[in-house]
Amino acid sequence: MVSIFRIFAFSTLFLTLSACQNNGDLLRSTYFSLAYSKGDALLAANGHAIKINVVTKNNRVNIENSVAASLIQHGPKWLNADYSPQTNDTKDESPYQMKWAFNVPENGNALALCRKNHSNEIELEAQKKTDIVLAAFCLHNKTLTSLRARIQSEPGSDDFSQTIGLIGRKLLPSQNPERIGDCTSFDDCS
């Protein structure tokens with residue numbers, strides 16, 4: 001009986017750890033602001049594409065295009081949204097965007113990614129290949145959700161595309177798990 005319990009416990013632990021890993025890419029838990037609701041994602045996608053803003057020194061346009069295509073293919077299906085690289089979309093005045101920072105230092109702060117000047121700091125700090133990726137869903141300069149990951153797959157590959165889609169699904173869920181019963185009044189959520 002004890003050995004059956006150990007096998008069950010080991011299997012559960014293994015499945016839990018492998019659920020957070022996708023083809024060698026590792027995702028950390030997602031931060032949710034109490035203010036995030038599915039309404040934010042719906043407003044971001046209402047009548048226009050969600051802007052994809054990639055913060056990196058090298059190959060920005062190609063990575064933005066790859067992230068946008070990956071989110072269209074593998075991102076959250078409940079939202080039925082379109083995604084557009086920010087470099088292609090200069091007229092959109094939407095206050096919502098998804099920010100992505102690739103190859104950031106080990107101490108990169110995903111919560112600060114939406115801040116106005118933080119993007120410049122990240123670009124200056126990225127010196128060597130770290131595979132650390134920060135992603136955030138932003139309203140103006142406020143972080144609604146953010147996530148930290150280690151992506152070892154190459155941009156443009158199917159593994160990369162699937163991992164980006166998984167990050168998108170974690171950043172834009174239909175319910176905020178931090179809100180009790182997905183409360184309708186902000187005061188009820190505290």
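The values are calculated or read from the model by the stated rules, or taken from the named source; none is laboratory data. Just so you know, these numbers come straight off a predicted model, no measurement behind them. We place every Cβ from the backbone using ideal geometry, glycine too, and count neighbours over all the protein chains shown. Areas reflect the complete protein model, heavy atoms only, side chains present, ligands, DNA and RNA absent. Shrake-Rupley method; radii C 1.70, N 1.55, O 1.52, S 1.80 Å.
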(request) Please state which one of Pro76, Pro85 is surrounded by 14 or more Cβ atoms within 10 Å (Cβ to Cβ), touching a Lys or Arg at 6+ places or on another chain (Cβ under 7 Å) and not hydrophobic (A, V, I, L, M, F, W, C). (result) Pro76
(message) Give me the residue from the stretch 121-137 that is part of a helix (DSSP H, G or I) and open to solvent by 90 Å² or more (accessible area, probe 1.4 Å) and, out of that set, modelled with the highest pLDDT.
(response) Glu121
(request) Sort out which residues of the stretch 36-54 are open to solvent by 20 Å² or more (accessible area, probe 1.4 Å), closer than 13 Å to Pro173 by Cα and in a loop (DSSP other than H, G, I, E, B), and write them in order of number. (result) Ser37
(request) May I ask you to list the residues in the stretch 124-179 that are under 14 Å from Thr56 (Cβ atoms) and either small (Gly, Ala, Ser) or more than 14 Å from the chain's Cα centre (by Cα) (or both)? (result) Leu124, Glu125, Ala126, Gln127, Lys128, Lys129, Thr130, Asp131, Ala135, Pro155
(request) Just need a number here: residues in the stretch 77-115 that are of a type outside the set (A, V, I, L, M) and closer than 13 Å to Phe137 by Cα. (result) 9
(message) Can you pull out every residue in the stretch 138-159 that is in contact with a helix residue (DSSP H, G or I) (Cβ under 7 Å, 6 or more places away or on another chain) and either open to solvent by 30 Å² or more (accessible area, probe 1.4 Å) or under 15 Å from Phe102 (Cα atoms) (or both)?
(response) Leu139, Leu147, Ala149, Ile151, Ser153, Glu154, Pro155, Gly156
(message) So in the stretch 60-73, with the set limited to residues that are in contact with a Pro (Cβ under 8 Å, 6 or more places away or on another chain) and not small (Gly, Ala, Ser), which one is surrounded by the most Cβ atoms within 10 Å (Cβ to Cβ)?
(response) Val67
(request) Pairs only if they're at least six apart or on different chains, beta carbon under 6 angstrom, first in the stretch 146-157 and of a type in the set (Lys, Arg), second part of a loop (DSSP other than H, G, I, E, B); list them, first residue then second. (result) Arg148/Arg28; Arg148/Ala110; Arg150/Asp131
(request) Out of the residues in the stretch 26-35 that are open to solvent by 20 Å² or more (accessible area, probe 1.4 Å) and under 15 Å from the mean Cα position of the chain (by Cα), state the one that is farthest from Glu154 (Cα to Cα). (result) Phe32
(message) Pairs please, first residue from the stretch 82-102 and closer than 15 Å to Asn59 by Cα, second anywhere and at pLDDT below 75 and of a type in the set (Phe, Trp, Tyr), Cβ atoms under 7 Å, 6+ apart in sequence or on different chains.
(response) none
